[in-house]
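Undergrad: Dumping the structure here so I can ask a few things about it.
The values are calculated or read from the model by the stated rules, or taken from the named source; none is laboratory data. As the structure is a computational prediction, the values presented were derived from the model and not from experiment. What goes into the accessible areas is simple: the full protein's heavy atoms, side chains included, and nothing from ligands, DNA or RNA. Shrake-Rupley method; radii C 1.70, N 1.55, O 1.52, S 1.80 Å.
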Amino acid sequence: MFDPVDQLSQPVTFPFSGRTAKNRFLKSAMSERLATFSPFDPCRRGQPTEELVRLYETWAKGDIGIIVTGNIQIKKDHLEATGNAIIDKNLPSVFLQEWTEVARAAKSQGSLVIGQLNHPGRQVSINIQPYPEAPSDVEQPSTGGLLFGRPTPLTKDGIKDIVDRFAFAASILHEAGFDGVQLHAAHGYLLSQFLAKRTNLRTDEYGGSLVNRAQILLEIIAAIREAVQSPSFIISVKLNSHDEGFCIEESITVAKLLEDAGVDFIEVSGGAYEQITRSSQEKSYTVKTREGYFVEYAELLRSHLKLSKVVATGGFQTSQGMADAISRGAADIIGLARPLTAEPLLVRDILRGETKQAKGDKFPESPMLRFVASAAQMAEIGNGQDITDFDNEFQVARLIAKMQKEIPVAISEALFS
Ligand SMILES: Cc1cc2nc3c(=O)[nH]c(=O)nc-3n(C[C@H](O)[C@H](O)[C@H](O)COP(=O)(O)O)c2cc1C
């Protein structure tokens, strides 16, 4: 019998940047929604706040090998949600000082810090952007009480602008002291819209064959290398195991292209807005008998890669389940999201042998509701408040009542139905 703590505390070195993470844990991206937001003036949006810095200071104390930020938007009026952090060359400030503070906080105990960059494409609420831009004019169906505008297909100049914006944002994060970036090509946002045949109907060099559909991703990676000029800067990609119009074999082929492009690690995930109201984030390619939603896919992917590391994220609860995934060769690194909003110091406690699993969770079975609840816990940490204990029925009921008062009726109907 192997010791889970021993497995999980091993350092891991990335093949291209040569950087080493101190252990096998990664805090997966979670949209913190703790930046400034003005509904009317896009120029007063996206500035990281003190609350965001405090949140990362707390996670740093949790001894996590790699900390990935929530998705940072590259365009001030194309957001995943209000309160997103933004790095946009057309804003009056790129918030270099604030990002330097976030990097300092997240790295204060030796973690590597990676900024996740994103563009929502068609998956932007109509309240934020009635005129989305996407690979093609395939509309996002309304989901979870959210409505979406019909997207305008991006012109080639528009694509070039987006490539430049990703590279610009990466260069700012590099200057601020971040160790790397992660491109969000999962969960139905712009880059995964390009990858999936169903949302990419283009007939130019960005559509059609899989290599063409992956072209924007590869151009962004090349542009980041050009803009950052540092071989030790980590580039990572978060990729869905599959989507409608993007099958597992295609996902593996894209991962191999990413490896050829020098991507240090690929984080595997699944799902998109369209599926979020279903009863579980688990999808068809998941394991029911073992912990970790995407472990089988991660194992398959890992067998096709020679250098890039694989991070399996989703559904991990116990140190035994996490160590099993590492020891059987399914993943190099374990990604955790929701457990770290409930217990920001969980990794430290596991590594010290003080606990073997995440706390119990008495939240009702609704992925969307659980999503908002985790965001509420991040706000509590950022504000220096006690974290609502999801193992305590009274505290769960109190938070649900508060959320019902605060979130718009349409969303709340979808959440609580
Ligand atoms: C509140 C919340 C916000 C999230 N925001 C992001 C995000 O910005 N980018 C991303 O790639 N995934 C995001 N995710 C998905 C997580 O990174 C992760 O893939 C998912 O929660 C499954 O991991 P878990 O079972 O450990 O929570 C978010 C999840 C939650 C709960």
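Undergrad: HN-Hα J couplings of the stretch 52-68 from phi, Karplus 6.51/-1.76/1.60, θ = phi - 60°, integer Hz, Gly and Pro as x?
TA: Taking θ as phi minus 60°, the curve returns 5, 4, 5, 4, 6, 4, 5, 4, 4, 5, x, 6, 7, x, 10, 10, 9 Hz for the stretch 52-68.
Undergrad: Sticking with this one: Would you mind checking which residues have amide H under 5 Å from Asp391's amide H? H placed 1.01 Å from N; only 5 or more apart, or other chain.
TA: For Asp391, whose amide H was placed from the backbone, the distant partners under 5 Å are Lys362.
Undergrad: Considering only C-alpha atoms, what is the centroid distance from the stretch 117-140 to the stretch 147-220, in Å?
TA: Cα centres, the stretch 117-140 to the stretch 147-220: 12 Å.
Undergrad: Please report, in Å, the Rg and the Dmax of the stretch 306-417, where both are computed over Cα atoms only.
TA: According to the Cα coordinates of the stretch 306-417, Rg and Dmax are 16.2, 51 Å.
Undergrad: Given Lys22/Lys362; Lys61/Lys306; Lys89/Lys156; Lys27/Lys76, which pairs have Cα atoms separated by over 22 Å?
TA: Details: Lys22/Lys362 32 Å; Lys61/Lys306 33 Å; Lys89/Lys156 19 Å; Lys27/Lys76 25 Å.
In this structure, Lys22/Lys362; Lys61/Lys306; Lys27/Lys76 exceed 22 Å between Cα atoms.
Undergrad: With N residues in the stretch 215-258, what two-decimal value do you get for its Cα radius of gyration over 2.2 N^0.38 Å?
TA: Working: Rg = 12.4 Å, N = 44, 2.2 N^0.38 = 9.3 Å.
Dividing the Cα Rg of the stretch 215-258 by 2.2 N^0.38 Å gives 1.34.
Undergrad: Taking amide H atoms as placed 1.01 Å from N in the peptide plane, list the residues 5 or more away in sequence, or in a different chain, whose amide H sits under 5 Å from that of Lys309.
TA: Phe265, Ile266
Undergrad: Which one, Ser31, Ser319, Ser327, has the greatest fluctuation when you compute a Gaussian network model over the chain with C-alpha springs under 10 angstrom?
TA: Ranking Ser31, Ser319, Ser327 by mean-square fluctuation puts Ser327 first.
Undergrad: Just to confirm, what accessible area per residue do you get for the chain at 1.4 Å probe, in whole Å²? Present the calculation step by step, with values, prior to reporting the outcome.
TA: On the way: 16270 Å² over 417 residues.
Normalised by residue count, the accessible surface of the chain is 39 Å².
Undergrad: Over the chain, how many percent of alpha carbon pairs lie in each 10 Å bin up to the one with the longest distance?
TA: Taking every Cα pair in the chain, the percentages come to 5, 23, 36, 28, 8, 0.
Undergrad: If the cut-off is a Cα-Cα distance under 15 Å, which aspartates and glutamates reach Lys402, setting aside same-chain residues fewer than 8 apart in sequence?
TA: Filter leaves Glu380, Asp389, Glu393, Glu413.
Undergrad: Classify the stretch 1-142 as rounded, prolate or oblate from the Cα gyration tensor: take a ≥ b ≥ c as the square roots of its eigenvalues, call it rounded if a/c is under 1.5, otherwise prolate when a/b beats b/c and oblate if not.
TA: Values: a/c = 2.52, a/b = 1.72, b/c = 1.46.
Note, shape of the stretch 1-142 comes out prolate.
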